[in-house]
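S.K.: Attaching a single structure in structure tokens format; questions to follow.
The values are calculated or read from the model by the stated rules, or taken from the named source; none is laboratory data. Treat the numbers as computed from the prediction; the structure is a model and nothing was measured. Cβ: placed from backbone, ideal geometry, glycine included. Neighbour counts: every protein chain shown. With ligands, DNA and RNA removed, areas are computed over all heavy atoms of the protein, side chains included. Shrake-Rupley method; radii C 1.70, N 1.55, O 1.52, S 1.80 Å.
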Amino acid sequence: MHRRRPSPWTAAVVVIAALVLLPLGFIVASLLSPSVDVWRQLWETRLPTLIWSTVSLLVLVGLGTAVLGVGFAWLVTAYRFPGRGLFSWLLVLPLAMPGYVLGFVFLSIVGFTGPIQGRWRDTFGQDAWFPEVRSVWAAAVVLSLVLYPYVYLLARAAFRDTAATSYDVARTLGATPWVSFRRVVLPLARPALVAGLALVMMETLTDFATVQYFGVDTVSAGIYQVWRGMYDREAAAELAGLVLLFALAVILAERGLRGRATYAETGAGGTGIEPRRLRGGRAAMATLACVAVLTAAFGAPVAQLTSWAFTHGDTAARTWDRYAGYLFNSVVLGVVTAGLCVGLGVVVANAVRFADNRATRFLARVTVVGYAVPAPVVAIGVLLLVVGLDSLLEVIGIEVTGLLVTGSIFAVVYGYAVRFLALGVNSVDASLEKVPAEVTMSARTLGAGSARILARLHLPLARSGVLTAAILVAIEALKELPIVLLLRPFGFDTLSVWTWQLAAESFWEAAALPALTIVGVSLVPVAFLSRQLAKGERDVTAALAPDPDVSHQPMGAETGDAEGTMVP
């Protein structure tokens, strides 16, 4: 009896899944074999404060994004007011504004030396009370402004997909618009809202730069402080394990809340809720609310950055001198990471089709779990893995200084690949979904091998997904801060690292140009998303909502238009 040889496609997916899981395995190992002395020291010094700050920030950001996201989604879905059509997609723009950029602009305007407090003291006296800006509430405000579009997008899609029947019946039975919204619409949209809040929580856990501007010590910020301050790998790994537990708690909570949702609507998928026209003061207030949030989250920061970048002569000149080098580093990392993630994504997506078995499908799902893990955790996991590889190579007498040593380009690219591989896999897979299985089977029947089918059939038909994946990964690499900050080699800085370093030292004018570049490039996927909004929200929901049958992916898997992208 001959044993069936495993498909080379399955073997390739096994290797890719192992490379994704290895860094996470080191973090899990630190949790399973904790260092009592390290935990005792952390608990006696800063751990209680880190945990309390993290929980407080998660709660405040969750509440803020829920209010803004659900509120604006219902406003543009259920009401007509001046500018509604324009605001319906402009409200997505804050996705292009990284938290660590909005954070330092916010401080420059609202901080002690900013114009707002200056005028406040001029009006009410130099000793007049003003809320403390460097605090957890201010950090929560900034993160809520840049993260609410996640909730907004999923909530709006859910509200628009809701058939008018149930809402109209509730209104006919005498319920007020508010009661109908609270008792009928919200329960029907609950799974989407919970998914959106889960995305927000994961992004909040990933952030560690914004909170440091405001003097908030979260667990993620503690990882950087412990590693860069003391170079204590054990303590950093233990804190990374704690962040991983927070992420797991978010995932389990999201699963539990969505799993218990049993609301359903007969006739869903109809014409949707008919918007009511607002008049007079209510219409003006609706328009003003949209303008205020967009100004605070996007318009004012971009205007301030533009002013700093192009009107401060001496500072701008010094910035331009160093700009090209850091831009080159960012482009190199983006191109290399994009090529790697797209190449691996092509392999994984095609392996599911050429080796159609349960094991391959399961392993393909495993390859995207890195996107559900906070970036600092990925960075520390890669750090521990690379240190282990260095030690192993040294034992066997192989010297590869500069390649695998801690703080290398190899480590940064590896960390990026683990984090962003989901973008490549999901985008390519979404495009290949449009290729009928019969076409592939016909090619095989005619004698074509899998390599020829890939080169002559699948790749040409999936080129839009490949291009989308390359753009998304490159832009995410440009924006990424925790991984490159923790793993970069000495003297190697990117635009994101440069922006954060200058802002952390209050050189806000000098930080404007790299920050403006990051925001401008980040508008590309937001423009894709706006196109999806113009076509209808169903593709947006598919792009954002996690697939309930696969490993949790905060950005979800695409199942719609190949050009409909996931939001980075």
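S.K.: Taking the criterion of being out of contact with any Ser or Thr (no Cβ under 6 Å at 6 or more places or on another chain) and at pLDDT 90 or above, would at least one residue in region 391-412 satisfy it? Give the derivation first.
M.R.: Going through region 391-412, the residues out of contact with any Ser or Thr (no Cβ under 6 Å at 6 or more places or on another chain) turn out to be 391-412.
Keeping just the survivors that are at pLDDT 90 or above gives 412.
The answer is yes, given that some residue of region 391-412 is out of contact with any Ser or Thr (no Cβ under 6 Å at 6 or more places or on another chain) and at pLDDT 90 or above.
S.K.: Do the conditions hold for residue 268, that is, is it part of a helix (DSSP H, G or I) and either surrounded by 12 or more Cβ atoms within 10 Å (Cβ to Cβ) or modelled with pLDDT of 80 or more (or both)? Quick ask: steps written out before the conclusion?
M.R.: Working: part of a helix (DSSP H, G or I): no; either surrounded by 12 or more Cβ atoms within 10 Å (Cβ to Cβ) or modelled with pLDDT of 80 or more (or both): yes.
Judged against the criteria, residue 268 is not a match.
S.K.: Let me ask another. With respect to the numbered conditions (1) open to solvent by less than 40 Å² (accessible area, probe 1.4 Å); (2) at negative phi; (3) without any contact (Cβ under 8 Å) to a residue 24 or more places away in the chain, which one is the sole condition not fulfilled by residue 85?
M.R.: For residue 85, the failing item is (1).
S.K.: Mind checking which residues of region 78-102 are of a type in the set (Gly, Ala, Ser) and either more than 19 Å from the chain's Cα centre (by Cα) or outside any helix (DSSP H, G or I) (or both)?
M.R.: Step one: of region 78-102, the residues of a type in the set (Gly, Ala, Ser) are 78, 83, 85, 88, 96, 99.
If the condition is that a residue be of a type in the set (Gly, Ala, Ser) and either more than 19 Å from the chain's Cα centre (by Cα) or outside any helix (DSSP H, G or I) (or both), then 78, 83, 85, 88 are the ones that fit.
S.K.: Would you tally the residues in region 469-502 being over 16 Å from residue 331 (Cβ atoms) and not small (Gly, Ala, Ser)?
M.R.: Filtering region 469-502 for residues over 16 Å from residue 331 (Cβ atoms) gives 469, 481-483, 485-487, 489-491, 500-502.
Checking the rest, the ones that are also not small (Gly, Ala, Ser) come to 481-483, 485-487, 489-490, 500-502.
The qualifying residues number 11.
S.K.: Pick out the one residue from 64, 69 that is of a type outside the set (Phe, Trp, Tyr), open to solvent by less than 60 Å² (accessible area, probe 1.4 Å) and out of contact with any Gly (no Cβ under 8 Å at 6 or more places or on another chain).
M.R.: Among 64, 69, only 64 is of a type outside the set (Phe, Trp, Tyr), open to solvent by less than 60 Å² (accessible area, probe 1.4 Å) and out of contact with any Gly (no Cβ under 8 Å at 6 or more places or on another chain).
S.K.: Further question: Just to be sure I understand, how many residues within region 454-509 are more than 24 Å from residue 375 (Cα to Cα) and open to solvent by less than 20 Å² (accessible area, probe 1.4 Å)?
M.R.: 3
S.K.: Going through region 372-385 one residue at a time, which ones are at pLDDT 85 or above and either more than 14 Å from the chain's Cα centre (by Cα) or in a helix (DSSP H, G or I) (or both)? Break it down stepwise before answering.
M.R.: Of the residues in region 372-385, the ones at pLDDT 85 or above are 373-385.
Once the filter is applied, which keeps residues that are at pLDDT 85 or above and either more than 14 Å from the chain's Cα centre (by Cα) or in a helix (DSSP H, G or I) (or both), region 372-385 yields 375, 376, 377, 378, 379, 380, 381, 382, 383, 384, 385.
S.K.: Give the residues of region 440-450 that are modelled with pLDDT of 70 or more and within 12 Å of residue 350 (Cα to Cα), sorted by residue number.
M.R.: Answer for region 440-450, where residues must be modelled with pLDDT of 70 or more and within 12 Å of residue 350 (Cα to Cα): just 450.
S.K.: Among the residues of region 300-316 satisfying the criterion of being hydrophobic (A, V, I, L, M, F, W, C) and modelled with pLDDT of 85 or more, which is most open to solvent (accessible area, probe 1.4 Å)?
M.R.: The first filter runs over region 300-316 and keeps only residues hydrophobic (A, V, I, L, M, F, W, C), leaving 300, 302-303, 305, 308-310, 316.
If we keep only those that are modelled with pLDDT of 85 or more as well, we get 300, 302-303, 305, 308.
Numbers: 300: 38, 302: 37, 303: 60, 305: 0, 308: 21 Å².
In this case the residue turns out to be 303.
S.K.: Return the residues of region 236-254 that are over 12 Å from residue 220 (Cα atoms) and surrounded by 22 or more Cβ atoms within 10 Å (Cβ to Cβ); say none if nothing qualifies.
M.R.: Listed by number, the residues that qualify are 250, 254.
S.K.: Restricting to region 214-229, name every residue that is more than 17 Å from residue 487 (Cβ to Cβ), open to solvent by 50 Å² or more (accessible area, probe 1.4 Å) and not small (Gly, Ala, Ser).
M.R.: 217
S.K.: Determine whether region 459-473 contains at least one residue that is part of a loop (DSSP other than H, G, I, E, B), at pLDDT below 85 and under 27 Å from residue 350 (Cα atoms).
M.R.: Restricting attention to region 459-473, the residues satisfying the condition of being part of a loop (DSSP other than H, G, I, E, B) are 462.
Still in the running and at pLDDT below 85: 462.
Next, only the ones that are under 27 Å from residue 350 (Cα atoms) stay: 462.
Yes, there is a match, as at least one residue in region 459-473 is part of a loop (DSSP other than H, G, I, E, B), at pLDDT below 85 and under 27 Å from residue 350 (Cα atoms).
S.K.: Touching an Asp or Glu at 6+ places or on another chain (Cβ under 9 Å), in a helix (DSSP H, G or I), touching a residue at least 40 places away in the same chain (Cβ under 8 Å) and within 30 Å of residue 508 (Cα to Cα): does that describe residue 49? Reasoning before the result, please.
M.R.: Details: touching an Asp or Glu at 6+ places or on another chain (Cβ under 9 Å): yes; in a helix (DSSP H, G or I): yes; touching a residue at least 40 places away in the same chain (Cβ under 8 Å): yes; within 30 Å of residue 508 (Cα to Cα): yes.
It is true that residue 49 is touching an Asp or Glu at 6+ places or on another chain (Cβ under 9 Å), in a helix (DSSP H, G or I), touching a residue at least 40 places away in the same chain (Cβ under 8 Å) and within 30 Å of residue 508 (Cα to Cα).
S.K.: Mind listing whichever residues of region 343-360 are open to solvent by less than 40 Å² (accessible area, probe 1.4 Å) and part of a loop (DSSP other than H, G, I, E, B)?
M.R.: If the condition is that a residue be open to solvent by less than 40 Å² (accessible area, probe 1.4 Å) and part of a loop (DSSP other than H, G, I, E, B), then 355 is the only one that fits.
S.K.: Another question, then. Only one residue in 291, 331 is under 30 Å from residue 428 (Cβ atoms), modelled with pLDDT of 85 or more, hydrophobic (A, V, I, L, M, F, W, C) and part of a helix (DSSP H, G or I), so which one is that? Break it down into steps so the answer makes sense when it comes.
M.R.: Values: 291 fails: under 30 Å from residue 428 (Cβ atoms).
That would be 331, the only listed residue that is under 30 Å from residue 428 (Cβ atoms), modelled with pLDDT of 85 or more, hydrophobic (A, V, I, L, M, F, W, C) and part of a helix (DSSP H, G or I).
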